[in-house]
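The block underneath contains the structure these notes are about, expressed in structure tokens.
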Amino acid sequence: MLEYEEFCFRARLESGTLEAWIAAGWLIPAKTEPGRAFSEADLARVQLIQDLTRDLGVNDEGIAVILDLIDQIHGLRRSLKSLSAALGSLPPEARATIQRQLGAARQ
Amino acid sequence: MNADPYQVLGVARDASQDQIRAAYRKLAKKLHPDLNPGNKDAEERFKEVSGAYDLLGDAEKRARFDRGEIDAAGAERPRETYYRDFADSAGAAHEGARRYESAEGFADFADTDDILAELYGKVRGRGAKIRMRGPDLPFHLHVDFLDAVNGATRRLSLPDGSTLDVTIPPGIRDGQVLRLKGKGRPGLGGGPSGDALIEIEIVPHPVFTRQGDDIRLDLPISLAEAVLGGRVEVPTPTGPVTMTIPKGSNSGTVLRIRGKGVAKRDGTRGDEYVTLRIMLPGKPDPALESFVAGWEAGRSFNPREREKA
């Protein structure tokens, strides 16, 4: 985990900007004994926000929408993964039935 | 990897910097790995495109490239990780991204389907560990001068269509921020809601001005009222009152009306200070002119005595 100052330094982020992002809910630091702490994932998230604002011309309102959708996609992907893992462990007969059902649903 | 950057971005060699930037943005929006969590090719293409933009997006580097001083590879900035690598991984690396994951994308399935309800529970279960207070919601509210002095209730329309009754305490100051607990955005994972922060802007009054807890106003009076004294009606924030003007009052004389100023927290009020302004009748008056012309004491009085010294 990274402490506040180290995080600002590595993310090349001013503390005012970081505070604003935290207040907006874009970043959620972990609460630890000495204070707030950040992960490598938070660092990558900062980079994503910077890509969106600097390179792609997205404004603050857009960032909130995009992050929310990305977070939803990852939730969906995780569910889809565990669902397909669960399906993969079924006996071949049951899988064939599901495949037929899916094929029919797609028609 | 070292393809011609102009071809990578799909622009002509004489494209303007703006055209190059537009072309990059168009491609980057399609290809950014975090906008394509499931597409492995997107990362390779994105690298190529951002490498090309690194080179051509900077007019100076672009000129050097055009002159053949640096090659297409010279500008590449390899980037190894994206947010999706954390969000989409298993185990320790995923730990930090978990808190952001949202099950709202299929929350409605959970009501109807047992299997998905199970999955929903899992994702939400993780999220529930993070309790986070909702963000504060800022507002800006114009308040009439007298409402600010006396206190009032105002109704605010929120963006979501609901309304909020705001009690403006008497004596509120310009720029003061009212905090309405729990009226901001909802919290995450059962966390408390944020607060509504209402910044007050007081609209100036045509007659009154405010100085701390006191009210000031200029009161026009007639020459007769100034010379002979009299009772006049004076506006105050709580309605007009009658005030006695002493005989021989002057322009600039300040009279105090106790307890007619701004309401204070302890229930008392500041004072109102009335500055008198003598007004002559609008039309020239022959009687007044002839009186003043023959008025020795008035003519020998020099009101600018002090300025001379």
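Please enumerate, by chain and number, the aspartates and glutamates with C-alpha under 16 Å from the C-alpha of residue B:183, excluding those fewer than 8 residues away in the same chain.
B:136, B:160, B:165, B:195, B:199
Would you mind estimating how fast chain B diffuses translationally, via Stokes-Einstein at 20 °C and 1.002 mPa s with the Kirkwood radius over Cα pairs, in µm²/s? Before the final figure, lay out the partial values.
Values: Rh = 28.1 Å.
For these conditions, the coefficient is 76 µm²/s.
Need one number: % antiparallel among DSSP beta bridges in the protein assembly as shown, to the nearest 5.
About 65 percent, rounded to the nearest 5.
Ignore the peptide's own chain and count Cβ atoms of other chains within 10 Å of each Cβ in A:80-89; give me the average, rounded.
Details: counts 3, 3, 4, 4, 0, 0, 3, 1, 0, 0.
Mean partner shielding for this stretch: 2.
Using amide H atoms built in the peptide plane, which far-off residues or other-chain residues are under 5 Å from residue B:269 H to H?
Those qualifying (amide H under 5 Å, at least 5 residues apart or on another chain) are B:264.
How far is helix B:40-56 tilted off the main Cα axis of chain B, in degrees rounded to 10, range 0 to 90?
For helix B:40-56, the angle is close to 60 degrees.
Sum -39500 (n - 2.57) across every DSSP H segment of at least 4 residues in the protein assembly as shown, then divide by the residue count to get the 222 nm mean residue ellipticity, nearest 500.
On the way: 17 runs with 173 residues, N = 416.
The helix-only estimate for the protein assembly as shown comes to -12500 deg cm²/dmol at 222 nm.
Name the most mobile residue of A:85, A:24, A:37, meaning the one with the largest mean-square fluctuation, in a Gaussian network model of chain A with Cα contacts below 10 Å.
The residue with the greatest mean-square fluctuation here is A:85.
Select from B:202, B:168, B:245 the residue whose mean-square fluctuation is largest in a Gaussian network model of chain B (Cα-Cα springs shorter than 10 Å).
Comparing B:202, B:168, B:245 in a Gaussian network model of chain B, the most mobile one is B:245.
Farthest toward the dipole's positive end in segment B:209-300, which of B:287, B:239, B:249, given Cβ charges of +1 (Lys, Arg) and -1 (Asp, Glu) about the Cα centre?
Of the options given, the answer is B:239.
May I ask which of B:26/B:47; B:181/B:260; A:31/B:47 have a Cα-Cα span longer than 24 Å here? Kindly include the intermediate steps, with their values, before the conclusion.
On the way: B:26/B:47 14 Å; B:181/B:260 32 Å; A:31/B:47 35 Å.
Among B:26/B:47; B:181/B:260; A:31/B:47, the Cα-Cα distance tops 24 Å for B:181/B:260; A:31/B:47.
Run the reach check for residue B:264 against aspartates and glutamates, Cα to Cα strictly under 16 Å, same-chain hits fewer than 8 apart removed. What comes back?
Counting by Cα, and skipping residues close in sequence, residue B:264 has these aspartates and glutamates nearby: B:147, B:174, B:213, B:214, B:272.
Among A:82, A:39, A:15, which one shows the highest mean-square fluctuation when chain A is modelled as a Gaussian network with alpha-carbon springs under 10 Å?
Among A:82, A:39, A:15, the largest mean-square fluctuation in the Gaussian network model of chain A belongs to A:82.
For the protein assembly as shown, what is the charge dipole size about the Cα centre, in debye to the nearest 20, if Lys and Arg each add +1 at the Cβ and Asp and Glu each add -1 at the Cβ? Display every interim value, and only then the final one.
Working: 59 positive and 63 negative charges, 168 e Å.
In total the dipole reaches around 800 debye.
How large is the charge dipole for chain A, taken about the Cα centre, if only the Cβ atoms of Lys, Arg (+1) and Asp, Glu (-1) carry charge, to the nearest 20 debye?
Numbers: 12 positive and 15 negative charges, 177 e Å.
That gives chain A a dipole magnitude of about 860 debye.
Computed from the coordinates by the stated procedures, all read-outs in this text should not be read as laboratory data. Since the structure is predicted, the reported quantities are computational estimates derived from the model, not experimental observations. With ideal geometry, Cβ positions are generated from the backbone for all residues, glycine too; neighbour counts draw on all protein chains shown.
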